[in-house]
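Asks: Sharing a structure, written as structure tokens. Questions coming.
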Amino acid sequence: MIRFVLRRVLTAIPIGFIVTLGVFALVFAMPGDPLRELAGDKPIPAAVLAAKRAQFHLDQPFIVQYLLSMKDIFTGNFGTTFAGADIAAQLRLRIPVTLKLTLLANAFQWTLGLLFGIYAGFRRNGLVDRSLLLVTLVLLAVPGLVAYFAAQYVFAVELKWFPVSGVLQGFPHSYLLPALVIGLLGFAGLARLMRTSIVETVNADFVKTARAKGLGEQRVLWKHILPNALLPVVTFIGLDLAGMFGGAIITESIFNLPGLGQFMFQAIKLKEGGVVVLLSTLAFVSFILINLAVDVLYGILDPRVRHV
Amino acid sequence: MRRVTGVLGATLGLALVLGACGDGNGSSSGDSGGGGAKSAVIAIAADPLEFINPLNENGSPGIQIAQAVFAPLVATDPNTGKTVNVLADSVTPDKASRTWTIKLKPGNSFQNGQPLTAKDYVDSWNLTAQGSTAWKNNGFFSKVEGYEALNPPTPDGATPKPTSVKTLSGLKQIDDLTFSVKLKVPFSQFGLTLQYLGLAPLPEEVRKDPDAYKREPIGNGPFKLDGAWNPGDDIKLVKWDGYKGPNPPEADALTYRFIPNADTAYNEFLAGTVDFVDVPSTKIKTFKDDAPDQWVTSESSGANYLVLPAWDSRYKNPKLRHAFSLAIDRKSLSDLVGLATPSSGLIAPDINGYRENACKYCSFDAAKAKQLLQEAGGFSGPVNINYSTTSATGQIFAEAIGNMLRQNLGVEVKYTGKQGSEITELADTRKLDGLRFGGWGHDYPSIEDYLTPMFKSTGDANFSGYSNPELDKKLAEGDAEPNQDKAIKLYQQAEDIALEDMPLIPLYAKQNAYLHSAKIEPRVSKYTGVQALYSTFK
Amino acid sequence: MSEIQAVVGAEAQELGDGRTLSNRELLRALLRKPQFVLCSLLLLVFFAMAAVPRLFTSVDPRLCELSRSRQGRSAGHPFGFDIQGCDYFANVVYGARPSVLVSIIASFGVFLLAGSLGLLAGYFPGFVDGLISRTADVLFAVPGLVVLIVILNSVPNRSIWIIVGVILLIGWPGGMRLMRSTVFSVRNREYVLAARSTGVPPLRILRRHVFPNAMAPLLAMTTLGIGGMVGLEAALTFLGVGLQPPSISWGSQFGVAAAYRDTPHLFIWPALFISTMTISFMIIGDSIRDALDPKLMR
């Protein structure tokens, strides 16, 4: 097990290097002067521009800029954004927001998805199953933009059940509406996956064997069906969770949630290579860690998989 | 008092920018506000500020906060439009309008108790004028004698050479309350420019270590910070009793809340959580129904133009420019924009010196447009129209203009959407292909603040790369003319030259709309616009 | 998009172990389903709209009169007018082409790219597999929307081909993983082993034996994911990196109209077309999936 974890971490290092270098190169190659964006349209005197350029190493060649950014990341010395925001403070502010939003959204998604999926899987072609398939089809076909705008207008502005935007009302109240919409949109996929998985497992040979051996229904359900049916679901949830540090750019914008997605989007717009690389590194590390955790969990659920 | 536009108005629209708002316990809804009885929550549709330092701030949100926390030397009287003294006792030019002597009123102080002196102004301005400080209002001082010594010209991309000069030779302290500014050339409008909040002084302790005070400013204005202010939080202000300026705001406490998505900010107002909000460009048609009896509009917020590239010879012929201008149906365009009036000149209608029909080529006349285009020899290739993707309505307005040119002139049209900053950069380096939008809001209410920046060959917002020595001469004559009425006449002659050459095609002047809750009534003035800061309470 | 793709990807993964049908059996099973037939017909209408918009409207979508901006429906103008005062029905009809093109080409481009790379990775373990899988890991680890925004902000002209290209770039790793795992299970089947032992060259084995038998799950995933592409295009417009005029597309129509609450017809029509097309594709994808998996049909 330890060797498995170690190997995974070691292979992650060159990948991380390529990811950060690639992202930095992409941002570097974007046209336009990063500092220009700061000024808006008001001209900034050449002397001020030159001073800022030196402060953010923008006068250095590409590879030096990249190495300086990586140095800042590894030494934990994040500095400030071009606009003067303290990056460490921004992370302290934003990481909790992103965590709260994703975890709450995932809680909705998992609860609904697993409950309906399992029920529909066991009562195949029943009323619940058929309506589930229909509802999830519709949900998967609704563009996210529509759902966010409509939900905000109907439930927050008109009915006033939820705050319109922002996080002033704290957790969970401020996060409920966006999390519900994300959860509902995501629930469709999870429920369908869970249903399929249950159907397949119920009909699998080993379940029939277990029944034939005369094991009790409860035992078959908990020991054989559920663990096996959950395997693909765990993979899916892992992928979903792993992507969360990418942030939810559009949701965060519409609901004015100061999370990592907005930070990333803003950094791209301002061509702040350092910030984009920092956030990509964060996303990458969490991606690797969560994937690792999922694989380990997989090993616990599935006795056939053994990491030597 | 802002100069934000350039790429189609200040509309942030759907611009997705840093989201923020403090996370946590707060319950500062519109009804509870800060400490006092008269309090209001003002929504600002922009990124949260990272610091409060008027000298390093030239955007509208920052200047809005600076208006509350700091006080200017002079201001425009909202009732008469005349310039009145605030912290200054007198502002006196010499005969040539070149050396200006500013005398401060005695007895004013900073919020830390230190008296406000001429030294504070001189030192703060010197600090800003140093290029190495890298503060945004540095450019203001380029008119002052000695600026080049502090900002030696650097080749593009090079690190600036350190200079030992730390003071502007044109800036002199005379006594505790008096200082003088000597300009490089005569400038009759300099007194007006002193109302810019970006010139507010910082006290000595802040000047020594500005970074230490970036989140705890020490102002000299009607409000001060209420408690600690952390990144992303609302800015909460309470009345400061030490402010002795004329006509202080009525509010006891104000909360500024930053909501970057303008449509979201608007929704917040509809849900009743903020007391004041700007109407985003996408809601101009509906706000009167959304909030009946709770809206106000400003007279104007500057003027908007279509910018023709002077560096592209295909657009050189003035007849072609006039043809483009005549092909635009400004009435329909203004209806599309909403709350807009068709332009008939280069300056905004609320500025002294505005003439009803200054422009001869600004009416809609498709037949004449076609004829002029023919006389100019037609146009080869498609007309490219650049629009900013950061503005919610940039693409819509570009298509409207494109359709008119295509259908009324028979030219081919294509569109390019780019980030606003990229368009500006391409234009500044004379590489931009085709037309773009430009907008201008004055820093101080003078016809000169439209003509000099946009049409003078060295103007700092000369969008089109336009240059005409005759016009420069007229401007210089106006600058040197101490009699304001005579100066305006000279400036109008300069405007006529620009209208004949037409480097910019005037489009429309737009009113801004704002919503306010029932408990406040924002101050609306023909001269100073709509100000939530000076709301009256019911 | 990545969300939907992840969902269908994981969902379709299960099919890897399922049995495979011959193409004729598959088609016969599909034609027995009324919903499949109906949705296919709907899609044919959309395709026709994309290919020959004149069949549906004789109005020039670019004939605009700003004074009619956002007017409601009237005689000869069943959908009313858009913001620019152009006939909205004509615009929605003409908007089919980029929307259909982006979704179809991007989806099947991903299918081909992911299919062939997955085939190689699954059939040649070791260096080839390592190279392809590690590259996929890199792309997996970067948030897809970020890559989209950065690249689309950098290109001088955002045509549908650029958008398709970027979707291909960030879209293939998911499908590749699925294909690779299916190939793993197929490569040791008797007919493959037999072909190999008789000295058939590897490329021929891949083309003749492995690919036809391993492509079904990926195909199901692709059809289920097509609809998401149109929604993605709308999101790109919202983020300021969508298609530029004079290109007309449902996504950009919808993205522009979303902010104008007072004129719902601008918002409803493209949204309706997007959703209808998406649902049609999904039902077709569902049908293929069900047909491939006999256990689910019982």
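The numbers here are math on the coordinates, done by the rules we state, and not lab data. Because the structure is predicted, anything quoted here is derived from the model rather than measured. Note: ideal-geometry Cβ built from the backbone for every residue, glycine included; neighbour counts use all protein chains shown.
Asks: Rounding to the nearest 10 and keeping the result within 0 to 90°, find how far the Cα-based axis of helix B:484-501 lies from the longest principal axis of chain B.
Replies: 40
Asks: Fewest first, what order do B:W295, B:W240, B:W440, C:W161 take by the number of other Cβ atoms within 10 Å?
Replies: C:W161, B:W295, B:W240, B:W440
Asks: Please name which of B:I497, B:P342, B:N384 has its Cα lying farthest along the dipole of chain B towards the positive end, using unit charges on Cβ (Lys, Arg +1; Asp, Glu -1) and the Cα centre as origin.
Replies: Farthest towards the positive end: B:I497.
Asks: Residue by residue through region B:435-450, which ³J(HN,Hα) values in whole Hz follow from phi under the Karplus form 6.51 cos²θ - 1.76 cosθ + 1.60 (θ = phi - 60°), with glycine and proline marked x?
Replies: 8, 8, 9, x, x, 9, x, 6, 7, 9, x, 8, 4, 5, 6, 9
Asks: Whose amide H sits under 5 Å from the amide H of A:T80, counting only residues 5 or more places off or on another chain, with H placed in the peptide plane?
Replies: For A:T80, whose amide H was placed from the backbone, the distant partners under 5 Å are A:I87.
Asks: Could you work out Rg/(2.2 N^0.38 Å) for region B:199-254, with Rg from alpha carbons only?
Replies: Here the answer is 1.21, to two decimals.
Asks: Give the order of A:V220, C:V150 when sorted by the count of other beta carbons within 10 angstrom, beginning with the fewest.
Replies: Fewest-to-most Cβ neighbours within 10 Å comes out as A:V220, C:V150.
Asks: Which whole-Hz couplings ³J(HN,Hα) result when phi for each residue of region B:91-97 is put into the Karplus expression 6.51 cos²θ - 1.76 cosθ + 1.60, θ = phi - 60°, listed in order with x for Gly and Pro?
Replies: After applying 6.51 cos²θ - 1.76 cosθ + 1.60, I find 10, 10, x, 7, 4, 8, 6 Hz.
Asks: Between C:V45 and B:K538, what FRET efficiency comes out of the Förster formula 1/(1 + (r/R0)^6) with R0 = 56 Å and r the beta carbon distance, rounded to 0.05?
Replies: 0.40
Asks: What order do you get for A:253-265, B:130-142, A:89-101 when each peptide is scored by the mean count of other beta carbon atoms within 10 Å, highest first?
Replies: On the way: A:253-265: 28.1, B:130-142: 22.1, A:89-101: 20.0.
Listed from highest to lowest mean packing, they are A:253-265, B:130-142, A:89-101.
Asks: Still on this structure, I have one more. Along its three principal axes, how long is chain C when you only count alpha carbons? Whole Å, largest extent first please.
Replies: Ordered largest first, chain C gives principal extents of 75, 46, 29 Å.
Asks: What FRET efficiency, computed as 1/(1 + (r/R0)^6) with R0 = 22 Å and r the Cβ-Cβ distance, is obtained for B:S457 and B:T101, rounded to the nearest 0.05?
Replies: It comes to 0.10.
Asks: Would you tell me the mean number of C-beta atoms belonging to other protein chains that fall within 10 Å of each C-beta in A:181-194, as a whole number?
Replies: Mean number of neighbouring Cβ atoms from other chains: 3.
Asks: Next question. Within 10 Å of each Cβ in B:133-144, how many Cβ atoms from other chains are there, averaged over the peptide?
Replies: Per-residue shielding by partner chains comes out at 4.
Asks: Mind pulling the angle between the C-alpha long axis of helix A:46-55 and the longest principal axis of chain A? Nearest 10 degrees, somewhere in 0 to 90.
Replies: Helix A:46-55 sits roughly 50 degrees off the main axis of chain A.
Asks: Starting from the Cα gyration tensor of region B:403-491, multiply each eigenvalue by 5, take the square root, and state the resulting semi-axes largest first in whole Å.
Replies: Three semi-axes, in Å: 31, 15, 13.
Asks: Tell me, what is the percent relative contact order of region C:136-285, built from C-alpha pairs under 8 Å that lie six or more residues apart?
Replies: Relative contact order of region C:136-285: 23 percent.
Asks: Sequence gap at least 6, Cα distance under 8 Å: using those rules, report the relative contact order of region A:134-206 to the nearest whole percent.
Replies: Taking the mean separation of contacting Cα pairs over the length of region A:134-206, I get 36 percent.
Asks: May I pose another question? Taking every residue in B:272-284, how many Cβ atoms of other protein chains lie within 10 Å of its Cβ, on average?
Replies: Average per residue, whole number: 2.
Asks: Skipping prolines and chain starts, which residues have an amide H placed within reach, meaning under 5 Å, of the one on B:V413, given they are 5 or more residues away or on another chain?
Replies: Those qualifying (amide H under 5 Å, at least 5 residues apart or on another chain) are B:V383.
Asks: Right, another one. Per residue, what volume in Å³ does the convex hull of the Cα atoms of region B:157-287 enclose?
Replies: Residue-normalised Cα hull volume stands at 264 Å³.
Asks: What Kirkwood Rh does the protein assembly as shown have if only Cα atoms enter the pairwise 1/r average? Answer in Å.
Replies: About 32.0 Å for the protein assembly as shown.
Asks: Still on this structure: Ranked from highest to lowest mean number of other Cβ atoms within 10 Å per residue, what is the order of the peptides A:23-32, A:207-216, B:278-287, A:121-130?
Replies: Numbers: A:23-32: 18.9, A:207-216: 12.0, B:278-287: 23.2, A:121-130: 14.7.
The packing order, highest mean first, is B:278-287, A:23-32, A:121-130, A:207-216.
Asks: Hey, another quick one. Quick one: angle between helix B:469-480 and the longest Cα principal axis of chain B, in degrees between 0 and 90, rounded to 10, please.
Replies: Helix B:469-480 sits roughly 30 degrees off the main axis of chain B.
Asks: Among the lysines, select those whose C-alpha is under 19 Å from the C-alpha of A:K223, and discard any that sit fewer than 8 residues away in the same chain.
Replies: Hits, sequence-local ones excluded: A:K208, A:K213.
Asks: Could you give the dipole magnitude of chain C about its Cα centre, charging the beta-carbon of Lys and Arg +1 and that of Asp and Glu -1, in debye to the nearest 20?
Replies: That gives a dipole near 800 debye.
Asks: Percent of alpha carbon pairs in chain B separated by more than 41 Å?
Replies: Values: 32130 of 144453 pairs.
Beyond 41 Å sits 22 percent of the P(r) for chain B.
Asks: Next question. Net charge within 13 Å of B:K119 by Cβ-Cβ distance, Lys/Arg positive one each and Asp/Glu negative one each, not counting B:K119 itself?
Replies: Within the 13 Å Cβ shell, the charges total -3.
Asks: Could you run the Karplus curve 6.51 cos²θ - 1.76 cosθ + 1.60 with θ = phi - 60° over region B:381-396 and give me ³J(HN,Hα) per residue in whole Hz, x for Gly and Pro?
Replies: For region B:381-396, the Karplus curve yields x, x, 7, 8, 10, 8, 9, 8, 7, 7, 9, 5, 10, x, 5, 5 Hz.
Asks: Under 13 Å from a label point 7 Å along Cα→Cβ of A:V5: give me every residue in region C:139-175 with its amide N that close.
Replies: The answer is none, because no backbone nitrogen lies closer than 13 Å to the label point.
Asks: From the gyration tensor of the Cα coordinates in region A:65-106, what semi-axes in whole Å does the equivalent ellipsoid have, largest first, with each one equal to sqrt(5λ)?
Replies: Working: eigenvalues 130, 31, 13 Å².
In descending order the semi-axes read 26, 13, 8 Å.
Asks: Still on this structure, I have one more. Assuming a viscosity of 0.890 mPa s and a temperature of 25 °C, what translational diffusion coefficient in µm² per second does Stokes-Einstein assign to chain A, Rh being the Kirkwood radius over Cα pairs?
Replies: Rounded to a whole number, D works out at 109 µm²/s.
Asks: Using DSSP H assignments, which helices in chain C have an axial alpha-carbon span of 20 Å or above and a mean Kyte-Doolittle hydropathy of -1.0 or higher?
Replies: Correct list, ordered by number: C:34-51, C:96-123, C:127-141, C:160-186, C:216-238, C:265-292.
Asks: Here's a follow-up. What nm distance separates the two modelled labels at A:I95 and B:R355, each placed 7 Å from Cα along Cα→Cβ?
Replies: 6.4
Asks: For A:I18 and A:I300, calculate 0.36 nm times their separation in residues minus their Cα-Cα distance, and state this gained length in nm to one decimal.
Replies: Between A:I18 and A:I300, full extension yields 98.4 nm more.
Asks: So, one more: How far apart, in nm, are the 7 Å Cα→Cβ label points at A:L67 and A:L134?
Replies: Computed distance between label sites A:L67 and A:L134 equals 6.5 nm.
Asks: Looking at the protein assembly as shown only, what percent of DSSP beta bridges run antiparallel? Nearest 5 please.
Replies: 80
Asks: Relative contact order for chain C: what percent, with Cα pairs under 8 Å and sequence separation of 6 or more?
Replies: Relative contact order here is 27 percent.
Asks: Starting from the Cα of B:S467, step 7 Å along the direction of its Cβ; do the same at C:L169; then give the gap between the two resulting points in nm.
Replies: 4.0
Asks: By counting other Cβ atoms within 10 Å of each Cβ, how are C:M229, B:M404 ranked from fewest to most?
Replies: Going from sparsest to densest Cβ surroundings: B:M404, C:M229.
Asks: How long is the gain from C:L55 to C:S67 if the chain were fully straight, where each residue apart is worth 0.36 nm and the alpha carbon distance is subtracted? Before the final figure, lay out the partial values.
Replies: On the way: separation 12, 0.36 × 12 = 4.32 nm, distance 2.78 nm.
In short, 1.5 nm is gained.
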